[in-house]
Amino acid sequence: MKPEKSTQKLYRTLEPIMIVEDTIANQIILKDLASVFGLECVVAENGKVALDKIDEGNYSIYIVDLMMPVMDGRTFIRELKKIQPDSVILVQTALDSASTIIDVMKLGVFDYIIKPIDPQAFLNTLQKCLDYSNLKQMEKSITMKAGLRLRSQIEWLNYKDLKRTMADDSVETMSIKNLKDSLSQGTGIGALVTLIDLMVATMKETESGEEYIVKKNLVDMISQNTAAVNNMIEGIINISNILQQDFPLETKHASEIINSIPNTLKKIVPYLSKKNLKITYPEIKTNCIIKVNVEKISDIIHELVLNAYKYSPQNSSINVITYMKEAYFCISIKNDIMEKPYGGVPKEYEKVVIEPFFRLLPPDETVSSIEKFPMGLGLTVVDYVVRKHSGLFFIHNILDYTGSGSRTCVLSEIFLPVESIL
C-alpha cells in the first residue's frame with residue numbers, strides 16, 4: 001500500500017523531475033509515486049525526447065529506464081553528463097546481477113532500483129535522491145552568494161593573511177590535516193567501501209568452507225581503487241607537509257626558472273598525444289633576480305599545466321608565458337576551454353575556486369598517476385606557495401582575439417616580486 005502524503009516530506013521548492021520511460025504503465029506508476037512528495041513530473045518516452053526537453057527547462061532528478069527504443073538509457077545518461085555533469089540520476093533496471101549493477105554505477109548515477117518496482121523501496125530511494133538534490137542546490141546557492149560577497153582580490157588576500165597571523169593553524173592546514181587523518185583511518189573512501197560490500201554480498205563459499213569464490217572484475221576494481229586511495233593519501237600527506245612547514249627561499253635568476261620548465265613538465269608531455277595538444281614554452285627576453293624555492297615553484301607550475309591539460313579541448317595549445325610587469329616577474333599558463341559543459345572560471349568563482357576541496361566540475365582521473373595535489377586541492381596549494389613568496393596568484397577567464405575571432409580561454413598567473421633587474 002502506498003504511504004499517505006502526510007507521512008512524506010514535501011519538496012515543492014525543487015525543480016520538476018523527469019521520468020525517461022517508454023512503457024505507459026510504468027510512467028503512470030512513477031508519476032503516482034512521485035506525487036506522494038508533491039513533485040511535478042515531466043515524461044519522456046526515450047532518451048532523444050528527454051534531451052530535447054532539457055533545453056526547455058531544469059530538472060532536479062532524472063529517473064531513467066535502461067531499455068528504451070530510439071535512444072536507450074545508457075546513451076542518454078552519457079549525453080546528459082556532458083551537458084549536466086552534476087545531474088542526479090536514478091536508474092531503473094530489470095537485471096540485478098553484480099556486473100549489471102557495476103556497469104550502471106560506472107555511469108555516475110546516484111542509485112538504482114530493480115523492476116518490477118516495489119512502491120515502498122522506490123519511495124525510500126527517491127527520498128534519499130531528493131534530499132541529495134536539495135542539498136546540492138543549497139550548496140550551489142550558498143557558494144554563489146559567498147562568491148558575490150567577496151571583495152577585491154587584494155582585500156581578500158589581506159583578510160586571509162590576517163587570519164593566518166591570528167590563528168595557530170590556517171584554514172587550509174586544518175582542513176587538509178583532518179582529511180588526511182580521515183583517509184588514513186579508513187573513512188571517506190565510499191567507492192572502495194561500496195565495492196567491498198558488493199563483493200561480500202556476491203561471493204560464494206567453496207565446498208570445503210575454507211575459501212570464497214569472488215568475481216574477478218570486482219577484485220580488479222577493488223585493487224584499482226585501493227591504489228587510487230593510496231595515491232590520494234600520499235598526495236594529502238605531501239600537501240599537509242607543504243602547508244605546515246616553512247620552506248627556504250634562495251636568490252635566483254628568473255632565467256633559471258624559465259630554463260627548467262621543460263624538465264618540470266616532462267611527466268605531462270607523454271599525455272599530450274592523447275588529446276593532440278601542444279605546449280609552447282617561454283623565451284627569455286628580460287632577466288631579473290627573484291627569491292624563490294625552485295622545487296615548490298616547479299611543483300605549482302606542474303599543477304597549473306596539468307590543470308590546463310584536463311580542461312583543454314582536442315587539437316589545441318597550452319601556452320606558458322613569462323614577462324615582467326611593474327615590480328613582478330610573471331609566469332602565465334593559458335589554455336583554450338570547452339565551452340560546454342566546462343565554462344572555464346567565471347568571474348563569480350575566481351576567488352572561491354582556490355578554496356580547499358572546491359570544484360567547478362567532477363574530478364578528472366585521467367592523469368591521477370602524475371597528480372601531485374589531489375582531491376581538488378591543487379589551486380589551494382598554488383595560492384599558498386605563491387603567497388609564501390610574497391606574490392599573487394590569479395586564475396580567470398579571458399577573451400583571446402589572436403585567431404579569426406574571439407574565444408574564451410583560462411589564464412593562470414603567478415606574480416613573484418622582483419629583487420632587481422639584470
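Values quoted throughout were computed directly from the atomic coordinates according to the rules given, and no laboratory measurement underlies them. It should be emphasised that the depicted structure is a prediction, and the values quoted were computed from it without experimental measurement. Please note: Cβ atoms are built from the backbone with ideal geometry, for glycine as well, and neighbour counts cover all protein chains shown.
Once both labels are positioned 7 Å from their Cα atoms along Cα-to-Cβ, the gap between Q244 and K267 label points is 2.2 nm. Note on M324/I233: beta-carbon distance plugged into 1/(1 + (r/R0)^6) with R0 of 41 Å gives a FRET efficiency of 0.50.
The gain in end-to-end length when the E348 to N259 segment is fully stretched comes to 28.5 nm, 0.36 nm per residue minus the alpha carbon separation. Taking 37 °C and 0.692 mPa s as conditions, segment 230-345 diffuses translationally at an estimated 207 µm²/s according to Stokes-Einstein applied to its Kirkwood radius (Cα pairs). Using only alpha-carbon positions in segment 7-138, the gyration tensor eigenvalues give semi-axes of 20, 17, 15 Å once each is multiplied by 5 and square-rooted (largest first). Which is farthest toward the positive dipole end of segment 362-422 among L416, L379, V367, measuring Cα position about the Cα centre, with Cβ charges +1 (Lys, Arg) and -1 (Asp, Glu)? Positive-end residue among those listed: L416.
Near the amide H of A44, within less than 5 Å, lie the amide hydrogens of I19, V20, E21, all on another chain or at least 5 residues away, with H placed in the peptide plane. Divide the volume of the convex hull around the Cα atoms of segment 323-422 by the residue count and you get 142 Å³ per residue. For the peptides 23-31, 207-215, 69-77, the ranking by mean Cβ contacts within 10 Å, running from highest to lowest, is 69-77, 23-31, 207-215.
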